[in-house]
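Report on one structure; see the data block that follows.
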Amino acid sequence: MKTGYKNRLSVSVLVLVALALGCASVPDFTYFTMAYSLLPHRDKQQTIAESLRVDDLDITPAYDKDKIVYRFSPYQFQYYNYMLWAVKPNKMVTGLVVRHLEHSGLFKAVSRDYGDTRPQYEMSGVLESIEELDSGNEWFAHIAFTLRMTRFRSDTVIWSYRVDKKKRVYNKEPVYVVKALSELMEEGMNQVVEDLRGFLSHHQTVRKVETGGEELP
């Protein structure tokens, strides 16, 4: 009789534990995306080149995930379980690159797809890092990416630019890390546009001289 009672008690305890675990609340997933406002559009007279197609950036494998990365050292990666990117990081960053370049007025047309006419230039690149860095009591946002440009269907890189930026985050929540990453992205793309403006101005002038003033695609 005693043994039967103990068995029933054990079963009851297991049932209660199972019910308690089943009722335990699971944290909600939170999704993030980078975003920033752009200054008023430049005058269309600033247009230098005809068209640009931007390919989706490649991405370092460790960052090719929906989960946001945070690190305490260069040797160990951690991933937030319930803090996720709304879009894969490389596609999100590519979208911001396209939007910023389109807004810059450097090109008459900027797209991610091939249209009815061939683009004058093509751009690709690599998203190397997009992460939260935890250094003792300090948090930082860190983003690094490289952009490369070629003429249409050419393997020869004629322009490249690397952005590698870090910014301290004082409010220790992932949302503020994403906000800081957005600010770094904006700063980096402003630098990209200015460098690209200088290159295109010089490049187009040289080609006009070489072709006797004739515009070549």
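The values are calculated or read from the model by the stated rules, or taken from the named source; none is laboratory data. Since the structure is predicted, the reported quantities are computational estimates derived from the model, not experimental observations. A quick note on method: Cβ atoms are made from the backbone with ideal geometry, for glycine too, and the neighbour counts reach across all protein chains shown.
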Exercise. When residues of the range 102-143 are filtered for being farther than 27 Å from V69 by Cα and either in a strand (DSSP E or B) or not hydroxyl-bearing (S, T, Y) (or both), how many remain?
Worked result: 17
Exercise. Which one is surrounded by the most Cβ atoms within 10 Å (Cβ to Cβ) among residues in the range 127-149 that are modelled with pLDDT of 95 or more and among the small types (G, A, S)?
Worked result: A141
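Check the range 187-198 and report whether any residue there is out of contact with any helix residue (DSSP H, G or I) (no Cβ under 6 Å at 6 or more places or on another chain), at pLDDT 95 or above, in a strand (DSSP E or B) and of a type in the set (S, T, N, Q).
Filtering the range 187-198 for residues out of contact with any helix residue (DSSP H, G or I) (no Cβ under 6 Å at 6 or more places or on another chain) gives 187-188, 190-192, 194-198.
Now restrict to residues that are at pLDDT 95 or above: 187-188, 190-192, 194-198.
With the extra rule that they be in a strand (DSSP E or B), the set shrinks to none.
No, the range 187-198 contains no residue that is out of contact with any helix residue (DSSP H, G or I) (no Cβ under 6 Å at 6 or more places or on another chain), at pLDDT 95 or above, in a strand (DSSP E or B) and of a type in the set (S, T, N, Q).
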For this session: Select from the range 52-108 the residues that are aromatic (F, W, Y) and over 21 Å from Y176 (Cα atoms) and list them in ascending order.
Result: Y75, F107
Problem set entry | Pair list, Cβ under 9 Å, 6 or more apart: the range 168-179 residue within 10 Å of T30 (Cβ to Cβ) and among the β-branched types (V, I, T), other residue part of a strand (DSSP E or B) and at pLDDT 95 or above | V175/T30; V175/F32; V175/M83
For this session: Please list, ordered by first then second residue, the pairs with beta carbon atoms under 9 Å, 6 or more apart or interchain, first in the range 97-116 and on the phi > 0 side of the Ramachandran plot, second modelled with pLDDT under 95 and not acidic (D, E).
Result: G105/H41; G105/R42; G105/K44; G105/Q45; G105/Q46; G105/T47; G105/I48
Exercise. Within the set of pairs 6 or more residues apart or between chains, which connect a residue that is among the polar types (S, T, N, Q) inside the range 64-92 to a residue that is surrounded by 14 or more Cβ atoms within 10 Å (Cβ to Cβ) and in a strand (DSSP E or B) with Cβ atoms less than 6 Å apart?
Worked result: Q78/Y70; N90/I59; N90/L127
Exercise. Would a scan of the range 44-56 turn up a residue that is at pLDDT below 95, in a loop (DSSP other than H, G, I, E, B), in contact with a Leu (Cβ under 6 Å, 6 or more places away or on another chain) and farther than 23 Å from V169 by Cβ?
Worked result: yes
Exercise. All but one of (1) buried (at least 17 other Cβ atoms within 10 Å of the Cβ); (2) part of a strand (DSSP E or B) hold for R162; which doesn't?
Worked result: (1)
For this session: Select, from S111, S73, S124, the only residue that is crowded, with 17+ Cβ neighbours inside 10 Å, out of contact with any Phe, Trp or Tyr (no Cβ under 9 Å at 6 or more places or on another chain) and among the hydroxyl-bearing types (S, T, Y).
Result: S124
